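Student: Have a look at the structure that comes next, please.
The values are calculated or read from the model by the stated rules, or taken from the named source; none is laboratory data. Keep in mind that what you see is a predicted model, and the values were worked out from it rather than measured. Reconstructed Cβ throughout: ideal geometry from the backbone, glycine too, with neighbour counts over all protein chains shown.
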Amino acid sequence: MAAAVGRLYPGAQMDIGPATDEGFYYDFDLPHRLTPEDFPAIEAEMIRIVREDLPLERIEVSRDEAARLLAGQRYKLERLADIPAGETISLYRCGGFTDLCRGPHLARTGEIGAVKLVSVAGSYYRGDEKNPMLQRLYGMAAASQEALDALLERIEEAKRRDHRKVGRELDLYSISDTIGPGLALWHPRGARIRVAIEDFWRREHYRAGYEMVFSPHVGRAALWETSGHLGFYRESMYPAMTVTEDEGHAGAHAEQYFVKPMNCPFHIEIYKSRRWSYRDLPLRWAELGTVYRFEKEGVRHGLLRVRGFTQDDAHIFCTPGQIEEEIRRTLSFAMGVLRRFGFSEITAYLATRPEKSVGQPERWEQATVALEHALQAEGMAYTRDEGGGAFYGPKIDLKIRDALGRLWQLSTIQFDFNEPERFGMVYIGEDGREHQPYMVHRALLGSLERFFGILIEHYGGAFPLWLAPEQVRVLPLSDKQLEYARRVADALRRGDARVTVDEAADKLGAKIRRAQLDKIPYMLVVGGREAEAGVVAVRSREKGDQGAVPLADFVNQIRAETQA
């Protein structure tokens with residue numbers, strides 16, 4: 001694609017062009033603004049290059065030779081300068097086009113069966129809004145036209161399931177410019193689902209030996225200095241609020257507060273509020289804590305990347321001898337929770353020390369080995385993500401594959417030996433002396449907002465019964481059956497079902513179509529015969545008409561299916 005753009009637009013400045021899960025993209029700086037009307041010409045040139053069956057040749061060169069070959073390409077030369085001294089510099093040649101790239105590639109362009117350009121969007125160079133805006137051109141390739149058609153259909157299905165579209169259609173949530181970008185409003189129907197998620201989450205945590213805590217939304221600057229967030233994370237935090245405090249004995253003075261980007265320092269302060277013995281550990285504390293991060297415009301995306309969100313957060317404080325067992329328990333717990341939401345394909349990644357980090361290398365190695373042993377003990381296959389850890393410790397990430405085959409990173413289990421040290425956390429050991437506890441940061445769903453967006457797209461809005469915001473809709477044939485329909489709804493509510501009555505003066509067919517568009521799991525048709533017999537005519541979203549059943553039996557059925 002880059003070679004084709006270079007042929008059609010001489011002088012085009014090129015940045016990077018990586019592969020993605022669904023295809024590839026390339027960032028260009030062009031005097032011409034690309035539109036979909038330009039795609040046929042670019043595609044035709046791409047096909048011409050494919051038919052030329054050009055070899056894709058990898059060459060390793062010196063830094064000076066690379067600079068000579070990339071002369072005039074500003075962004076390429078800046079990327080070249082990023083390559084550490086002594087590291088191999090590889091280029092790829094395709095006909096008259098030479099690119100700075102690690103590879104690998106196919107042997108020849110003729111191996112490509114079909115290509116398609118799908119979209120173009122703006123993208124700041126290096127993701128920084130202070131840099132030039134480039135044009136990001138997205139494309140797809142496959143071994144055959146049939147394979148490409150299947151990939152394109154998956155993209156169309158993803159558009160149909162887009163949580164922003166479905167969320168609007170089902171009236172689940174909104175984001176208001178009046179309130180601010182990246183700050184979601186949960187509508188009643190969306191809130192019903194959130195409550196179902198939270199109720200399940202809390203119940204399972206209590207069963208797993210956790211206790212709930214709550215913490216405020218702001219904290220003094222000194223807290224975030226101690227935690228290291230102001231040093232390592234400040235660019236993602238909202239600016240400070242300066243307030244004048246009068247604490248009597250100290251007199252009036254200015255104090256800076258930050259809205260919290262994370263919950264961990266608050267849980268640490270709860271720990272420090274009293275002394276603990278080794279007999280008290282492990283402590284497992286969980287919180288649905290709302291945090292705030294100043295996400296830039298280029299990365300915000302519906303519910304998947306927002307500025308205010310609620311983390312399903314937890315922290316485990318334990319002795320060194322308990323750490324591997326706690327990580328194993330957490331892994332097993334996470335797998336069970338994710339499967340309850342319908343995710344069966346789950347993969348693990350072990351993320352190691354990043355370039356920007358705190359703590360001694362030997363402590364990082366110790367922590368990484370502990371996580372790796374826990375994965376091995378649980379019999380979980382995993383991939384190492386070199387340099388992907390948090391600044392304060394290595395971690396295990398669990399990724400799920402959704403109904404469209406896409407990977408999403410959800411659960412995170414982060415080892416932390418730095419925060420206990422920075423905050424001076426201790427417990428009294430069996431020897432009567434003070435020891436430093438180990439700490440595990442842990443989230444299962446990631447954030448409720450992002451997880452909700454993923455759920456919407458995974459199910460296409462057709463949520464399973466236990467999550468559906470409206471599980472049953474009662475459809476009276478006429479106003480004569482309204483009273484009976486309301487009694488049916490009351491009986492279902494007493495059984496904890498989420499139910500409404502369609503009281504509109506419409507024909508039955510219109511009511512059924514409306515319920516189908518709203519993706520209601522069960523519709524109950526009630527006419528004169530049903531009211532007289534005390535039954536309901538059941539229509540399932542999945543199975544169609546199910547016949548008439550006694551109302552009490554259906555109430556029991558819903559209760560049983562919801563708990564399954």
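Student: Taking only segment 88-110 into account, find how many residues are at pLDDT 90 or above and not in a strand (DSSP E or B).
Tutor: Count: 5.
Student: Sort through Leu338, Leu410, Leu375 and tell me the only one that's hydrophobic (A, V, I, L, M, F, W, C), more than 30 Å from Ile456 (Cβ to Cβ), at pLDDT 90 or above and surrounded by 16 or more Cβ atoms within 10 Å (Cβ to Cβ).
Tutor: Leu375
Student: I'd like the residue in segment 342-358 that is of a type in the set (Gly, Ala, Ser) and free of Cβ contacts under 8 Å to residues at least 60 places away in the same chain and, out of all such residues, is farthest from His441 (Cα to Cα).
Tutor: Per the criteria, the residue is Ser344.
Student: Among the strands (runs of 3 or more DSSP E) confined wholly to segment 434-514, which include 3 or more residues that are over 14 Å from Val536 (Cβ atoms)?
Tutor: By residue number, 438-443.
Student: Condition (residue is outside any loop (DSSP other than H, G, I, E, B) and at pLDDT below 95) applied to segment 38-51: is it met by at least one residue?
Tutor: no
Student: What do you reckon, is Ser357 in a loop (DSSP other than H, G, I, E, B), modelled with pLDDT under 90 and out of contact with any His (no Cβ under 8 Å at 6 or more places or on another chain)?
Tutor: Yes.
Student: Hey, another quick one. Determine, yes or no, whether Tyr206 is loosely packed, with under 14 Cβ neighbours inside 10 Å, over 23 Å from the mean Cα position of the chain (by Cα) and aromatic (Phe, Trp, Tyr).
Tutor: For Tyr206, the condition - loosely packed, with under 14 Cβ neighbours inside 10 Å, over 23 Å from the mean Cα position of the chain (by Cα) and aromatic (Phe, Trp, Tyr) - is met.
Student: Taking segment 170-184 as the search range and keeping residues that are small (Gly, Ala, Ser) and over 26 Å from Ala468 (Cβ atoms), which one is surrounded by the most Cβ atoms within 10 Å (Cβ to Cβ)?
Tutor: Gly182
Student: Just to verify a result, which residue in segment 111-137, among those that are within 25 Å of the chain's Cα centre (by Cα) and assigned to a loop (DSSP other than H, G, I, E, B), is nearest to Phe24 (Cα to Cα)?
Tutor: Ranking the qualifying residues of segment 111-137, first place goes to Asp128.
Student: For residues that are hydrophobic (A, V, I, L, M, F, W, C) and in contact with a Phe, Trp or Tyr (Cβ under 6 Å, 6 or more places away or on another chain), scanning just segment 134-148, find the one that is farthest from Met1 (Cα to Cα).
Tutor: Leu134
Student: Mind listing whichever residues of segment 2-44 are among the aliphatic types (A, V, I, L, M) and in contact (Cβ under 8 Å) with a residue 40 or more places away in the chain?
Tutor: Ala2, Ala3, Ala4, Val5, Met14, Ile16, Leu30, Leu34, Ile42
Student: Within segment 87-102, is there a residue that is among the basic types (Lys, Arg), touching a residue at least 40 places away in the same chain (Cβ under 8 Å) and not assigned by TED's automatic domain parsing to the domain that holds Leu404?
Tutor: No, the conditions are met nowhere in segment 87-102.
Student: Let me ask something else about it. I'd like the residue in segment 138-151 that is more than 23 Å from the chain's Cα centre (by Cα) and in a helix (DSSP H, G or I) and, out of all such residues, is nearest to Phe28 (Cα to Cα).
Tutor: Residue satisfying both the conditions and the ranking: Leu148.
Student: Considering each of Ser90, Ser62 in turn, give the residue that is over 25 Å from Val120 (Cβ atoms), among the hydroxyl-bearing types (Ser, Thr, Tyr) and surrounded by 13 or more Cβ atoms within 10 Å (Cβ to Cβ).
Tutor: Sole residue among the options that is over 25 Å from Val120 (Cβ atoms), among the hydroxyl-bearing types (Ser, Thr, Tyr) and surrounded by 13 or more Cβ atoms within 10 Å (Cβ to Cβ): Ser90.
Student: Please specify each residue of segment 445-477 satisfying the condition of being small (Gly, Ala, Ser) and touching a helix residue (DSSP H, G or I) at 6+ places or on another chain (Cβ under 8 Å).
Tutor: Gly453, Gly460, Gly461, Ala468, listed by residue number.
Student: Are there helices (runs of 4 or more DSSP H) fully within segment 152-228 with at least 2 residues that are aliphatic (A, V, I, L, M)? List them.
Tutor: Hits in segment 152-228: 188-207, 221-227.
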